[in-house]
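Read-outs: derived from the displayed coordinates by stated rules, not from any lab. Quantities reported herein were computed from a predicted structural model and do not represent experimental measurements. Cβ placement follows ideal geometry from the backbone for every residue including glycine, while neighbour counts extend to all protein chains displayed.
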Amino acid sequence: MDLLRGENALLIALDQVQDPRNLGAVARSAEAAGAAGLVVPERRAAAVTPVVCKTSAGAVEHLPIAHVRNLADWLGEAKQAGFWIWGADAEARQAPWDVDLAGPTVLVLGGEGKGLRPRVAAACDGLVALPQRGQIGSLNVSAAAAALLFEAVRQR
């Protein structure tokens, strides 16, 4: 399965998301948004289990999920294939609607509590943040993924 061959594909990559319910919820949003696939690292990440399948409402049966050895290296391959890589970081200065998500795009979200690892963030073309007005420091990874995915859908 080569997710990088799709024309104007929208992909989502998760950097060490370990909660299976988060993986399932992201998969559900990605499938609903028409994403071409989901990328997760082989290690230190939730695997597709019955809990993930149930949480995804069966989306994992329809959404290609690729397991990669090294996420930062895979992001480099995605760049070489013509994809723009946008990482989600609560401290970023750009909002997702201020960048172009209409072409071949990979949205990268970090794991619970730690966010993107430095090498993964450095592999991104840029970082975006969803503006927040409340007192909580960040969104759940699955909520952030849904917002970013549907902004990409809006732009397309």
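Per 10 Å bin, what percent of the C-alpha pairs of segment 3-155 does each bin hold, from zero upward?
12, 47, 36, 5, 0
Within the chain, which is the longest segment containing none of the GluC sites (Glu not before Pro) that sit in a DSSP loop and have at most 12 other Cβ atoms within 10 Å?
In the chain, the maximal stretch lacking such sites is 92-156.
Using DSSP to define loop residues, name the chymotrypsin sites (Phe, Trp or Tyr not before Pro) in segment 55-112 whose beta-carbon has at most 13 other beta-carbon atoms within 10 Å.
Answer in residue order: no site qualifies.
Residue 135 to residue 155: extension gain in nm, 0.36 nm per residue of separation minus the Cα-Cα distance?
Going from the current span to full extension adds 4.3 nm.
Just for the Cα atoms in segment 66-156, what are the lengths along the principal axes, largest first, rounded to whole Å?
38, 30, 22 Å, listed from the longest principal axis down.
With each run of n ≥ 4 DSSP H residues scored as -39500 (n - 2.57), what mean residue ellipticity at 222 nm is computed for the chain after dividing by its residue count and rounding to the nearest 500 deg cm²/dmol?
Rounded to the nearest 500, the figure is -9000 deg cm²/dmol.
Could you check the spin-label model distance between residue 93 and residue 70? Points 7 Å from the Cα along Cα→Cβ, value in nm.
Simple spin-label model gives 3.1 nm for this pair.
Which parts of segment 107-145 would a label at residue 43 reach, counting a residue when its backbone N lies under 19 Å from a point 7 Å out along Cα-to-Cβ?
111-112, 114-121
Treat the count of other C-beta atoms within 10 Å as a stand-in for reagent exposure and order 12, 136, 85 from fewest to most.
By the 10 Å Cβ count, ascending: 136, 85, 12.
Where the centroid of each part is defined by its Cα atoms, how far is segment 135-156 from segment 17-94 in Å?
13 Å
Mind checking the full-extension length gain between residue 8 and residue 57? Use 0.36 nm per residue of separation minus the Cα-Cα distance, one decimal, nm.
Gain in length upon complete extension: 15.0 nm.
Explain nothing, just the number: dipole magnitude of segment 1-115 about its Cα centre with +1 on each Lys and Arg Cβ and -1 on each Asp and Glu Cβ, in debye rounded to the nearest 20.
300 debye
Taking K and R as +1 and D and E as -1, what net charge do the other residues with C-beta under 14 Å from the C-beta of residue 114 add up to?
It works out to a net charge of -2.
Connecting C-alpha atoms closer than 10 Å in a GNM of the chain, tell me which of 125, 98, 89 has the biggest fluctuation.
98
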